[in-house]
Amino acid sequence: MTSSAVPKGRSRRNFAGARPVMDDVARLAGVSKQTVSRVLNDNPAVRPETREAVQAAMRTLGYRPSRSARSLASGRTRMLGVISFDAARYGPASILTAINTAAQGAGYLVSSIALDTADPDTVVRAVDRLSAEGADGVIAIAPQLWVGRALAEARLDTPLVVLENDLQGGPPLVTADSRTGAREATGHLLRLGHATVFHIAGPTGWTSADVRLAGWQATLETAGAEIHAPLTGDWSAESGYDLGRQLARRPDVTAVFASNDQMALGVLHALHEAGRGVPEDVSVVGYDDIPEAAHFLPPLTTVRTDFAEIGTRSLRLLLNRIDSPAEPPRVEPLVPVELVVRRSSGPYARSS
């Protein structure tokens with residue numbers, strides 16, 4: 001066969017071994033290039049038999065549409081941006097995984113930027129960079145209140161959804177019900193007979209830490225229990241250990257609520273070293289229900305946050321913003337949380 005003898009339905013480019021392109025698919029399917037583009041973008045105007053012919057041609061040629069090919073009919077890149085802070089922590093990492101999974105199912109790629117510093121200019125520049133790279137929209141995992149405020153004040157043109165924040169009146173929000181979670185954790189310990197509950201809070205200015213602290217305090221106020229000044233950690237097990245050593249020296253401490261599971265782990269370590277049994281002497285409750293929580297010694301009572309649901313909801317909300325930019329932002333309900341009772345909490349054993 002000479003080089004000019006090209007099999008019917010295959011371009012010379014494809015026959016020579018190059019990657020098949022949209023023209024090859026159109027020729028084999030007997031349709032226009034525009035029709036192929038419409039099939040790629042799930043245009044409902046394409047007849048079922050035409051759609052099947054185009055898809056069959058793609059399979060025959062081994063055609064894999066590029067991002068630019070998918071965007072011809074829709075004017076979109078099919079790429080989304082994600083900005084995260086403290087991405088190594090379990091919560092942000094789990095949310096990012098859920099966003100990637102949901103985006104893949106919706107036919108989108110994800111480009112993410114992890115920021116070490118989170119000053120307002122850096123945050124806004126990150127959104128601008130993702131927009132310049134062609135992102136159809138951006139999700140910001142913004143655990144600090146001022147991050148959400150900076151994004152709201154920037155009045156960016158790019159469709160935007162903010163996660164794990166408490167700022168009202170700005171971009172659409174998706175967040176878990178941390179206030180209820182803290183109330184459940186504190187109320188659980190009070191119902192076990194503890195006179196009060198000590199609290200190890202997360203860093204000041206972090207939305208989840210502030211909301212959990214407020215929920216803890218409100219629950220004690222409602223119960224008429226004594227409120228001791230909270231201790232503030234940095235989310236790490238090390239900080240929980242250091243603060244736990246302070247609490248372990250106090251005989252009036254019988255119940256501790258830590259704002260995340262890592263700090264609760266440090267508290268367990270400190271109590272063990274001090275010879276105080278859990279839950280015989282002190283009950284401990286954490287927050288988040290990380291995968292290891294069930295394997296702590298003793299297994300940790302904690303509040304489960306559905307990070308996968310946060311990620312999935314955020315993607316759904318962002319795609320709605322992209323599809324209907326003129327619609328007012330929807331008010332997304334808080335993602336429910338669940339108290340998971342394990343052996344680190346138990347009834348207060350009053351001494352005789």
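General remarks:
- Subset of the range 105-142 (residues that are open to solvent by 70 Å² or more (accessible area, probe 1.4 Å) and out of contact with any strand residue (DSSP E or B) (no Cβ under 8 Å at 6 or more places or on another chain)): G105, D116, T117, D121, R125, D128, A132
- Counting only helices (runs of 4 or more DSSP H) that fall entirely inside the range 24-80 and contain at least 3 residues that are at pLDDT 75 or above and of a type in the set (D, E, K, R), the qualifying elements are 48-61.
- Verdict on E238 being surrounded by fewer than 18 Cβ atoms within 10 Å (Cβ to Cβ) and either touching a Gly at 6+ places or on another chain (Cβ under 8 Å) or closer than 19 Å to T175 by Cβ (or both): yes
- Comparison of P143, P172, P120 shows that the only residue that is over 30 Å from P230 (Cβ atoms) and either of a type outside the set (S, T, Y) or within 14 Å of the chain's Cα centre (by Cα) (or both) is P172.
- Selection status of G193, on the phi > 0 side of the Ramachandran plot, modelled with pLDDT of 95 or more and surrounded by fewer than 24 Cβ atoms within 10 Å (Cβ to Cβ): yes
- Meets criteria (open to solvent by less than 50 Å² (accessible area, probe 1.4 Å) and out of contact with any helix residue (DSSP H, G or I) (no Cβ under 8 Å at 6 or more places or on another chain)) for L339: no
- Out of E280, E332, one residue alone is modelled with pLDDT under 95 and among the charged types (D, E, K, R). It is E332.
- Of the residues making up the range 321-334, just one is in a helix (DSSP H, G or I) and open to solvent by less than 40 Å² (accessible area, probe 1.4 Å), namely I322.
- A Cβ distance below 7 Å, combined with a sequence gap of six or more or placement on separate chains, defines the contacts here; from the range 243-260, residues that are within 18 Å of T302 (Cβ to Cβ) and open to solvent by less than 70 Å² (accessible area, probe 1.4 Å) reach residues that are of a type outside the set (A, V, I, L, M, F, W, C) and part of a strand (DSSP E or B) in the pairs A255/S283; F257/H199; N260/D288.
- Residues of the range 173-181 include none that is farther than 20 Å from L265 by Cα and free of Cβ contacts under 8 Å to residues at least 12 places away in the same chain.
- Boolean, D234 is in contact with a Pro (Cβ under 9 Å, 6 or more places away or on another chain) and of a type in the set (D, E): yes
- Members of the range 182-194 found to be in a helix (DSSP H, G or I) and touching a residue at least 24 places away in the same chain (Cβ under 8 Å), listed by number: A182, R183, E184, A185, T186, G187, H188, L189, L190
- For T175, the stated conditions hold: it is among the β-branched types (V, I, T), surrounded by 15 or more Cβ atoms within 10 Å (Cβ to Cβ), within 30 Å of L317 (Cα to Cα) and out of contact with any helix residue (DSSP H, G or I) (no Cβ under 7 Å at 6 or more places or on another chain).
The values are calculated or read from the model by the stated rules, or taken from the named source; none is laboratory data. Please read all numbers here as calculations on a predicted model, not as lab measurements. Cβ atoms come from the backbone with ideal geometry, glycine included; neighbour counts cover every protein chain shown. Areas reflect the complete protein model, heavy atoms only, side chains present, ligands, DNA and RNA absent. Shrake-Rupley method; radii C 1.70, N 1.55, O 1.52, S 1.80 Å.
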